[in-house]
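Before any comments, here is the structure.
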Amino acid sequence: MERTFMAIKPDGVQRGLVGEILRRFEAKGFTLVGLKLMHVSKELAEKHYDVHRERPFFPGLVEFITSGPLVAMVWEGDGVVASARKMIGATNPLSAEPGTIRGDFGISIGRNLIHGSDAIETAQREIALWFSSEELVSWQPAAVAWLVES
Ligand code: GDP
Ligand code: MG
């Protein structure tokens, strides 16, 4: 079953949007299989954003991600990687469509509330980076028969 990694960044936590964001993915029908509130180390932040290491915004990004608690999560479901990216919206919240998380709640690229894996392979790498296998819970929601055809 397809899984994706997402993180509610420190701005989302500080602004009290944790419940709202979790609600959207729950209501959509995806299954929560991993969840933790944590303070991220500089080492983990740098590893997570390794592809952006040479970008000018990298130091500020790492400082921001480590500046306060963050909610790390793993969600499961058919097509969850691409669908969650759509629900998150464009990187710059000013360009993100209304109805998306960034489009509804943000105004700045440096404070865009949430991270989501951009591809299945990236999701696998990020899930392994952020969660141990014991922290991931495999389960089947009772509503599954009302969400997907068998
Ligand atoms: P994402 O996959 O939509 O999160 O976007 P990227 O992978 O391109 O960038 C990763 C994160 O770096 C973004 O979510 C932003 O938090 C940050 N970022 C990207 N571009 C910029 C920028 O031009 N300025 C600033 N301040 N942050 C940026
Ligand atoms: Mg990205």
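Bear in mind that the values in this text are calculations on the coordinates, not laboratory data. Since this is a predicted model, take the numbers as computed values, not measurements. A quick note on method: Cβ atoms are made from the backbone with ideal geometry, for glycine too, and the neighbour counts reach across all protein chains shown.
A few comments on the model shown:
- Cβ crowding within 10 Å averaged over residues, with 4-12, 95-103 ranked highest first: 4-12, 95-103
- Residue-span extension gain [MET1 to VAL144] - 0.36 nm each, minus C-alpha spacing: 50.1 nm
- Selected from SER150, GLY116, PRO98, residue furthest toward positive end of dipole (region 68-150; charges at beta carbon): PRO98
- Between region 110-149 and region 6-44, the alpha-carbon center distance in angstrom: 11 Å
- Hits among lysines - C-alpha to C-alpha of LYS28 under 27 Å, sequence gap 8 or more where chains match: LYS9, LYS36, LYS86
- Cα-centre dipole for region 46-121 with unit charges at Cβ (Lys and Arg positive, Asp and Glu negative), debye to 20: 220 debye
- Given +1 at the Cβ of Lys and Arg, -1 at the Cβ of Asp and Glu and no other charges, the dipole of region 1-139 around its Cα centre is 320 debye to the nearest 20.
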